[in-house]
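One structure is given here, and the rest of the page talks about it.
The values are calculated or read from the model by the stated rules, or taken from the named source; none is laboratory data. This structure is a prediction, so every number in the text was calculated from the model and none was measured. Virtual Cβ from ideal backbone geometry, glycine too; neighbours counted across all protein chains shown. Just so you know, the surface numbers come from the protein's heavy atoms only, side chains and all, with ligands and any DNA or RNA stripped out. Shrake-Rupley method; radii C 1.70, N 1.55, O 1.52, S 1.80 Å.
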Amino acid sequence: MQFQPKKYYYLINFQYLGYRFHGWQKQPNVKTLHLMVDRTLNYILEGKYFKTLVSGRTDAMVSAENATFELFLQHKIEDLDAFLELFNYNLPQDIRALAITEVDAKFNIINHPKSKEYLYLFTYGEKCHPFCAPIMTTILDDLNIEIMKEGAKLFEGEHYLKAYCYKPTDKGIYTRIIETCELVENTIYTANYFPDKTYILRVRGKGFMRNQIRLMMGTLFDLGKGKLTLDDIKASLEPDNTVKMNFIAPASGLILNKVDFL
């Protein structure tokens, strides 16, 4: 009878600036977050067995305030604080581990998220300092922010969201619930090189399709420019509509703010 080593399970909360990464998932010949995290773990674990699995993969250039991955080991971490300190010491400076907690084998990082919250940071009307580029989108056209606020609220509730999925198929599940969708003035992120007024789209729900929030943001940009109307957005949310939204807002303004688990 073959001996099966005992397994240990840990949740690690971490944050990152996604601007120089090609998203989370490992890909040939490009720098990804998963590559850098696993490379660092391999070094500090000195070649011992480990596996990592993330809750929600972000796209290239998307950042995170509080993302989570699960670490699977065949040995127990005796001092969690010391492990976290060593992990941070060896991670690149645009990735930071926030906390580590032990969980049991019943925990499922893929199926247990209760909700995810994303922020989209933007400004408009003037060319910004280049340092804004990693986390903020700048729209040089004038935007009607008040009508964009009205448009954002239309997404709340249960809607048919096929128009807000990149390359949808006929087999996808497109009727989904968005718990919160609001456009507010930004009071979270500040810097002396930021323009006077910046804005955040806050979206919260159980899960999101590929490029969904960026397509929603792009639609609101077109609404603010006068290219679309509130009725256009309402029509795009009706069951089995054939509307297709095409403006995918830039990735660098999108931030995964938090993941809540059951």
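Summary of values
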{"quantity": "Per-region count, segment 211-257, residues part of a loop (DSSP other than H, G, I, E, B) and more than 20 Å from Glu158 (Cβ to Cβ)", "calculated": "11"}
{"quantity": "Those residues of segment 121-164 which are part of a strand (DSSP E or B) and of a type in the set (A, V, I, L, M), in sequence order", "calculated": "Leu121, Ile139"}
{"quantity": "Selection within segment 35-48 - touching a strand residue (DSSP E or B) at 6+ places or on another chain (Cβ under 7 Å) and under 23 Å from Glu102 (Cβ atoms)", "calculated": "Val37, Asp38, Leu41"}
{"quantity": "Residue ID - most open to solvent (accessible area, probe 1.4 Å), chosen from residues in segment 203-239 that are farther than 20 Å from Tyr124 by Cβ and of a type in the set (S, T, N, Q)", "calculated": "Asn211"}
{"quantity": "Among the residues listed as Phe87, Phe83, the single one being more than 30 Å from Leu228 (Cβ to Cβ), assigned by the TED database to the domain that holds Met61 and open to solvent by less than 10 Å² (accessible area, probe 1.4 Å)", "calculated": "Phe87"}
{"quantity": "Of all residues in segment 121-166 being under 18 Å from Leu256 (Cα atoms) and of a type in the set (Val, Ile, Thr), the one that is surrounded by the most Cβ atoms within 10 Å (Cβ to Cβ)", "calculated": "Thr137"}
{"quantity": "Residues being of a type outside the set (Val, Ile, Thr), surrounded by fewer than 16 Cβ atoms within 10 Å (Cβ to Cβ) and at pLDDT 95 or above - total across segment 172-194", "calculated": "7"}
{"quantity": "Top-ranked residue of segment 33-62 - restricted to ones that are polar (S, T, N, Q) and surrounded by fewer than 19 Cβ atoms within 10 Å (Cβ to Cβ), ranked as nearest to Phe208 (Cα to Cα)", "calculated": "Thr52"}
{"quantity": "Inter-residue pairs, beta-carbon under 7 Å, first touching a residue at least 60 places away in the same chain (Cβ under 8 Å) and in segment 134-149, second open to solvent by 50 Å² or more (accessible area, probe 1.4 Å) and in a loop (DSSP other than H, G, I, E, B), 6+ apart", "calculated": "Pro134/Leu17; Pro134/Tyr19; Thr137/Pro250"}
{"quantity": "Subset of segment 51-73 [among the hydrophobic types (A, V, I, L, M, F, W, C) and assigned to a strand (DSSP E or B)]", "calculated": "Leu53, Val54, Ala64, Ala67, Phe69, Leu71, Phe72, Leu73"}
{"quantity": "Residue identified as outside the structural domain of Asp79 (by the TED database) and under 17 Å from the mean Cα position of the chain (by Cα) among Leu121, Leu98, Leu140", "calculated": "Leu121"}
{"quantity": "Residue that is nearest to Val103 (Cα to Cα), among those in segment 9-26 that are touching a His at 6+ places or on another chain (Cβ under 9 Å) and either polar (S, T, N, Q) or surrounded by fewer than 17 Cβ atoms within 10 Å (Cβ to Cβ) (or both)", "calculated": "Gln25"}
